[in-house]
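Accompanying notes for the structure given below.
The values are calculated or read from the model by the stated rules, or taken from the named source; none is laboratory data. Just so it is clear, the structure is predicted and the values come from calculations on it, not from any experiment. Because the Cβ atoms are built from the backbone with ideal geometry, glycine has one as well, and the counts that use them run over all protein chains shown.
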Amino acid sequence: MTSQPNDITPTPPPEPTSPPDEQLLELALRYADGQLSPDEIRQLHTMMMDDDQACDLFVQTLYTQMTLQEDFGAWLTERAAREATKPPAARPRAAATAGRWRITRSSIGWALAAMVALCAGVAGWWMQGEGTWPSVSNPAPVVGVMIETEGAAWAGSSQVATPGNPLHAGQLSLASGAAQVMFDSSAVVDLVGPCVFEMTGPNRGRLTRGTLQAYVPKRATGFTVDLPDGSKIIDLGTRYQVDVDAAGRIEVWVLEGSVLIESATMQTTLAAGDEAQLRDGRLISPAAADDDADVVRFSTDQIGSQQVQLKQDGQFGQPSKAMVFNDGRTLRLAGNAWKTLAHPYDVTPNTVLEAEFRTTRPGEIHAIGFDGSIPVGDKAWRYTAFQIYGSESVAHVSRQYMLPAAGQWTHVKIPVGEHFVGHFDRLIFVCDDDAAGAAESWFRNVRVYERPVDPAETQQRNVEKP
């Protein structure tokens, strides 16, 4: 019998003091096998957001799975192929599968202990003879793991960025689509392409371009994002979003908690609901446009739920949130939100509604308009709102002004007076996601105004009147 190498010493499984959460562990292991549905991935993310122990368990599960796969996967595949040629009675009692090797477990409640036990089982298998001990690599420490991608196209990244893969320090260049990364610290970032982001450590990264939304639990407080102008965002236990455009303009939006922004020349703290713009390491004030006076101003005490027709705000128990930024110029909706704003207006044939819109978490319906409805035929009706983005198509919401993409701020202009006229008391803004309650909508620089009318057009209308 060949002696066991000195650099590998299998140890017996530890005696757990308490069983791990079975539901979380089941989801984590199925995630590692690529078996989770989008709804289950959202469920897993929700379970980990504010639970340090859940984050530890998830990271440990994936890391153990990946390490065993990297160290023993090829050897086990080769060994399994050899064993398959033997009579069943001569085969060792160990589990291996051709192709991708996965962890087996006799009890989901003790899956982590089973992983360690499996290592010991591999040692016993080797000790039965035949073959050599697999060489165990000493991989460089990873700084995170790729959690999820959606339509992601990568360009020039220094590593393979597929869900479940460990991520070493290096650059992630996302040409389009979206990706979610978890750092070893348990900080989670969502990237929206085009985006260039470098993972520089287990609790630090650098955003050169694009949109990043960070979710930082208490255990990862201090998570830092360096920015191209030399400034940096230091998390104080929060959730925030930062945008860097192609010209290097930087915007920071704090959704929960607070952040510290530092540069060589300034230091400031932003709390939930605060927004800041940065240039060359300095805070700047947004330049007021010449026609800024007619921009709709949002106010939390003027925002309410949808009033007309089907009451869909917060439907099916999903969350419905609204936040106001930028001195009332910007509105963010999250969850399954159908929100209205008091804004009495008499819509004429010349009325125009325009806004800038974006979403980094697309939902089923993103819409803007007036809180009302108009009849269509004898029994049908349609909202006096217009869908501008989203995956769902319903008969009572017009899709005539759909945007092809909305990951970045995109201008939309709707001649509402060409579709209906009359008096309305409230504007409506929609972020519909009654399936998961995880979508978001951003609206800013909303305007309602009367377009100039050509005298010839007025004369033509008068001629057409009976």
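Within the stretch 237-260, the presence of a residue that is aromatic (Phe, Trp, Tyr), free of Cβ contacts under 8 Å to residues at least 60 places away in the same chain and farther than 19 Å from ASN326 by Cβ is excluded. Look at GLY390 and say whether it is at pLDDT 90 or above, buried (at least 17 other Cβ atoms within 10 Å of the Cβ) and among the small types (Gly, Ala, Ser). Against the criterion (at pLDDT 90 or above, buried (at least 17 other Cβ atoms within 10 Å of the Cβ) and among the small types (Gly, Ala, Ser)), GLY390 qualifies. Checked against the criterion of being under 19 Å from the mean Cα position of the chain (by Cα) and modelled with pLDDT of 95 or more, the candidates VAL225, VAL216, VAL259 yield just one match: VAL225.
So VAL308 ticks every box in (1) in contact with a Gly (Cβ under 8 Å, 6 or more places away or on another chain); (2) of a type in the set (Val, Ile, Thr); (3) more than 30 Å from THR340 (Cβ to Cβ) but one. Which box is left unticked? Checking VAL308 against (1) in contact with a Gly (Cβ under 8 Å, 6 or more places away or on another chain); (2) of a type in the set (Val, Ile, Thr); (3) more than 30 Å from THR340 (Cβ to Cβ), the one that fails is (3). Quick check on the stretch 214-222. Is at least one of its residues hydroxyl-bearing (Ser, Thr, Tyr) and within 20 Å of HIS45 (Cβ to Cβ)? Yes. crowded, with 23+ Cβ neighbours inside 10 Å and on the phi < 0 side of the Ramachandran plot, is that true of HIS366? Yes; evaluated as a whole, the condition is true for this residue. Could you tell me whether any residue of the stretch 295-311 is touching a Leu at 6+ places or on another chain (Cβ under 6 Å) and in a loop (DSSP other than H, G, I, E, B)? Yes.
Of everything in the stretch 237-272, what is assigned to a loop (DSSP other than H, G, I, E, B), of a type in the set (Gly, Ala, Ser) and touching a strand residue (DSSP E or B) at 6+ places or on another chain (Cβ under 6 Å)? Give them in sequence order. Explain how you work it out, then say what you get.
Step one: filter the stretch 237-272 for residues assigned to a loop (DSSP other than H, G, I, E, B), giving 237-238, 245-249, 257, 263-266, 272.
Within this subset, residues satisfying the condition of being of a type in the set (Gly, Ala, Ser) are 237, 246-248, 257, 263-264, 272.
Residue satisfying the conditions is ALA272 alone.
Screening the candidates PHE420, PHE386, PHE424, PHE370 for the property of being in the same structural domain as GLN307 (by TED's automatic domain parsing) and farther than 19 Å from LEU331 by Cβ yields one hit, PHE420.
Between THR269, THR330, which is over 24 Å from GLN400 (Cβ atoms), assigned by TED's automatic domain parsing to the domain that holds GLU148 and either in contact with a helix residue (DSSP H, G or I) (Cβ under 9 Å, 6 or more places away or on another chain) or modelled with pLDDT of 90 or more (or both)? Before the answer, list the steps.
On the way: THR330 fails: assigned by TED's automatic domain parsing to the domain that holds GLU148.
Unique residue meeting the criteria: THR269.
Across the stretch 206-221, the qualifying residues are those that are surrounded by fewer than 21 Cβ atoms within 10 Å (Cβ to Cβ) and in contact with a helix residue (DSSP H, G or I) (Cβ under 8 Å, 6 or more places away or on another chain), and the one among them that is nearest to PHE183 (Cα to Cα) is ARG219. Annotation note: Cβ proximity below 6 Å between a residue of the stretch 343-370 that is outside any strand (DSSP E or B) and a residue that is among the small types (Gly, Ala, Ser) and surrounded by 23 or more Cβ atoms within 10 Å (Cβ to Cβ) (sequence gap 6+ or interchain) occurs for THR359/SER441; ARG361/ALA439; GLY363/GLY390; GLY363/ALA439; GLU364/GLY390.
Among the candidates VAL116, VAL189, VAL142, the residue that is modelled with pLDDT of 90 or more and among the hydrophobic types (A, V, I, L, M, F, W, C) is uniquely VAL189.
With respect to the conditions (1) in a loop (DSSP other than H, G, I, E, B); (2) at pLDDT below 90, ARG461 falls short on a single one, namely (1). On inspection, ALA337 does not qualify as hydrophobic (A, V, I, L, M, F, W, C) and free of Cβ contacts under 8 Å to residues at least 40 places away in the same chain.
Listed here are the strands (runs of 3 or more DSSP E) enclosed by the stretch 179-236 that have at least 1 residues being assigned by TED's automatic domain parsing to the domain that holds ARG249 and out of contact with any strand residue (DSSP E or B) (no Cβ under 7 Å at 6 or more places or on another chain): 188-201. Of all residues in the stretch 175-186, exactly one satisfies the criterion of being under 14 Å from the mean Cα position of the chain (by Cα) and more than 18 Å from ASP243 (Cα to Cα), namely MET182.
Each row is one residue, and each column tells you yes or no for (1) modelled with pLDDT of 90 or more; (2) surrounded by fewer than 18 Cβ atoms within 10 Å (Cβ to Cβ).
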{"residue": "ALA287", "(1), (2)": "no, yes"}
{"residue": "ASP292", "(1), (2)": "no, yes"}
{"residue": "THR300", "(1), (2)": "no, yes"}
{"residue": "ILE303", "(1), (2)": "yes, no"}
{"residue": "GLY314", "(1), (2)": "no, no"}
{"residue": "MET323", "(1), (2)": "yes, no"}
{"residue": "GLY335", "(1), (2)": "yes, no"}
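Of all residues in the stretch 342-359 being within 27 Å of the chain's Cα centre (by Cα) and surrounded by fewer than 21 Cβ atoms within 10 Å (Cβ to Cβ), which is nearest to GLN277 (Cα to Cα)?
Step one: list which residues in the stretch 342-359 are within 27 Å of the chain's Cα centre (by Cα), which gives 354-359.
Then drop every residue that is not surrounded by fewer than 21 Cβ atoms within 10 Å (Cβ to Cβ), which leaves 354, 356.
Working: GLU354: 23, GLU356: 17 Å.
So the residue we want is GLU356.
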